[in-house]
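Q: Attaching a single structure in structure tokens format; questions to follow.
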Amino acid sequence: MKSLFATVSLLAILATCGCNKKPESNSDQSANPSAPPAEQTSQAQPAPEPTPASAPASTPVTAPVSAPVPEPPPPPPPIVVPSGTAITVRVSQGLSSKTSQSGTPFTGVVVNSVSAGGTVAIPASSTVQGTVVTAKAKGKVKGEGVLELALTQVTIKGHAYPLQTSVWSQTEKGKGKRTAATTGGGAAGGALIGGLAGGGKGAAIGAGIGAAAGFIGGGMTGNKQVEVPAESALTFTLSESLTIHR
């Protein structure tokens, strides 16, 4: 009986001790309340960062292909003014066989437009240049006055083109016969006057005086020069064809 009681008492004591004993995990939590539970700690670990996806390979930018530039149209064919074409110009300054010299330049403008193949090649008012080829003054008694001109260049829309033209020429013939006749007449008249005044001797003296007077008169009559006043219109002819580029 006593042994049974002792056994019951021992079981009661053990049961009481077992009830009063707290789980070890709870004691660990109470000792370190900030520490998370073991299961929660394992679950709270951060997930590994995902590997950044590699950027897609950049596609090379292709330069836009420009449309081919169309070729410019070919230039129009040049205008050819044939040789033998007449060009009338108005000179800007006066020219003379007496005052001008060979090689002296002169200028002028085209009076009328010159066409070739139905197209105006040299418009009116185009400027021209020329030169005095020959200038020879006429003598008082004999000889002749000569003035020769030629065109050398024409300017069309700012472009200068060389010209080859025939020579424009004018000659003032000598007055030899007229001078001799006038001189003879003067001598005869002088002799007549001298004879009436003083016989034979007077006739001889009168003849000399009359001859001198006749010579001066004849010289003055035959001293005419070739003159080309300013603004005169002269016509030249192309001796070589002229090619004008448009």
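The numbers here are math on the coordinates, done by the rules we state, and not lab data. Please read these numbers as outputs of a predicted model, since none were measured by experiment. All Cβ positions, glycine included, derive from the backbone under ideal geometry; neighbour counts span all protein chains shown.
Q: Just grab the label-to-label distance for Arg246 and Thr107, each label 7 Å out from Cα along the Cβ direction, in nm (one decimal).
A: Going by the 7 Å Cα→Cβ label model, 2.9 nm.
Q: With a ≥ b ≥ c taken as the square roots of the eigenvalues of the C-alpha gyration tensor of segment 81-163, please select rounded if a/c is under 1.5 and otherwise prolate if a/b is larger than b/c or oblate if it is not?
A: Working: a/c = 2.98, a/b = 2.40, b/c = 1.24.
Taking the square roots of the gyration eigenvalues as a ≥ b ≥ c, segment 81-163 is prolate.
Q: Taking 7 Å along the Cα-to-C-beta vector as the label spot, tell me the Ser92-Glu71 distance in nanometres, rounded to one decimal.
A: Roughly 4.3 nm, to one decimal.
Q: Follow-up question, since we're still on this one. Say a paramagnetic label sat at a point 7 Å from the Cα of Ser239, along Cα to Cβ; which residues of segment 116-148 have their backbone N under 17 Å from it?
A: 129-135, 147-148
Q: Now for a different question. Treat every Asp and Glu Cβ in segment 56-173 as -1 and every Lys and Arg Cβ as +1, leave all other atoms uncharged, and give the resulting dipole magnitude about the Cα centre to the nearest 20 debye.
A: Numbers: 8 positive and 4 negative charges, 150 e Å.
Computed charge dipole of segment 56-173: roughly 720 debye.
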